[in-house]
Amino acid sequence: MRNAACVNNCVFTSLRQLIGEHSSIILAAGVVGSLFGLVSGGITGALIGAGVGVMLATAYGFIPRMADCSGACPVH
């Protein structure tokens, strides 16, 4: 149970750090996704594209941090 709490704490701390350190990159991905969505599907496509861009940028930065968390919390 302590391992799950350790991983949970590490994951949320890493997510906060990621958003704090790379907020401009995440926002830029949202803008680029919005532009692609606007070209292909109008206003609705722009909203969906912005959401997908932000989600992909966050996931791309978060995956290595999550792997670090699993190594930082040993299984007993």
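Every read-out reported here was derived from the displayed coordinates using simple, explicitly stated rules and does not represent laboratory data. Everything numeric here is computed off the predicted structure, so don't read it as measured data.
Taking only Cα atoms, what is the 0 to 90° angle, nearest 10, from helix 2-21's long axis to the longest principal axis of the chain?
The angle comes out near 40 degrees.
As a test of the formula, what do you get for the chain when each DSSP H run with n ≥ 4 contributes -39,500 (n - 2.57) and the sum is divided by the residue count, at 222 nm and rounded to the nearest 500 deg cm²/dmol?
-33500 deg cm²/dmol
So between Ala67 and Met55, what do we pick up on full extension, going 0.36 nm a residue minus the alpha carbon distance?
Separation in residues times 0.36 nm, less the Cα-Cα distance, equals 2.5 nm.
Based on a Kirkwood Rh over C-alpha pairs, give the Stokes-Einstein translational diffusion coefficient of the chain at 37 °C and viscosity 0.692 mPa s in µm²/s.
D, rounded to a whole number, is 242 µm²/s.
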